[in-house]
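The values are calculated or read from the model by the stated rules, or taken from the named source; none is laboratory data. Please read all numbers here as calculations on a predicted model, not as lab measurements. Quick reminder, even Gly has a Cβ in these numbers, built from the backbone with ideal geometry, and neighbours come from all protein chains shown.
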Amino acid sequence: MGRRHFVSAHLTTKLKRFSMTLRTISIDELDHFKLDENGRLYWKGEAVILEKRLRLETYQIVLATLATAGAVLSGIHPFGATLGWW
């Protein structure tokens with residue numbers, strides 16, 4: 001099984017698991033939207049999630065830090081070499 005086929009099959013499985021039918025909202029249904037005093041949006045009394053926070057694992061933070069340090073150093077190196085710092 002090739003990688004492309006695996007990714008396609010994986011996405012198809014996920015879509016089937018979370019399948020939902022999309023439809024438009026009528027004018028009458030707009031009354032179901034509410035805002036609380038903090039500006040949070042609700043639909044029929046349930047909070048609507050407008051953002052999802054991302055949490056990195058420790059090893060991902062370490063890799064991101066190393067990648068950032070490498071990018072900064074590769075940008076600084078030509079200037080240091082031109083100015084004779086090293």
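Given the options 50, 54, 41, name the one that is exposed (fewer than 10 other Cβ atoms within 10 Å of the Cβ), without any contact (Cβ under 8 Å) to a residue 40 or more places away in the chain and touching a strand residue (DSSP E or B) at 6+ places or on another chain (Cβ under 8 Å).
Values: 54 fails: touching a strand residue (DSSP E or B) at 6+ places or on another chain (Cβ under 8 Å); 41 fails: exposed (fewer than 10 other Cβ atoms within 10 Å of the Cβ).
Step by step, each of 50, 54, 41 is checked, and only 50 is exposed (fewer than 10 other Cβ atoms within 10 Å of the Cβ), without any contact (Cβ under 8 Å) to a residue 40 or more places away in the chain and touching a strand residue (DSSP E or B) at 6+ places or on another chain (Cβ under 8 Å).
I'm told residue 31 meets every condition in (1) in a loop (DSSP other than H, G, I, E, B); (2) over 20 Å from the mean Cα position of the chain (by Cα) except one. Can you identify the failing condition by its number?
Tallying (1) in a loop (DSSP other than H, G, I, E, B); (2) over 20 Å from the mean Cα position of the chain (by Cα), residue 31 fails exactly one: (1).
Out of all the residues in region 57-86, which are among the aliphatic types (A, V, I, L, M), surrounded by 10 or more Cβ atoms within 10 Å (Cβ to Cβ) and modelled with pLDDT under 90?
Let us first name the residues in region 57-86 that are among the aliphatic types (A, V, I, L, M), namely 61-64, 66-67, 69, 71-73, 76, 81, 83.
Okay, now just the ones that are also surrounded by 10 or more Cβ atoms within 10 Å (Cβ to Cβ), so 61-64, 66-67, 69, 71-73, 76, 81.
Residue satisfying the conditions is 81 alone.
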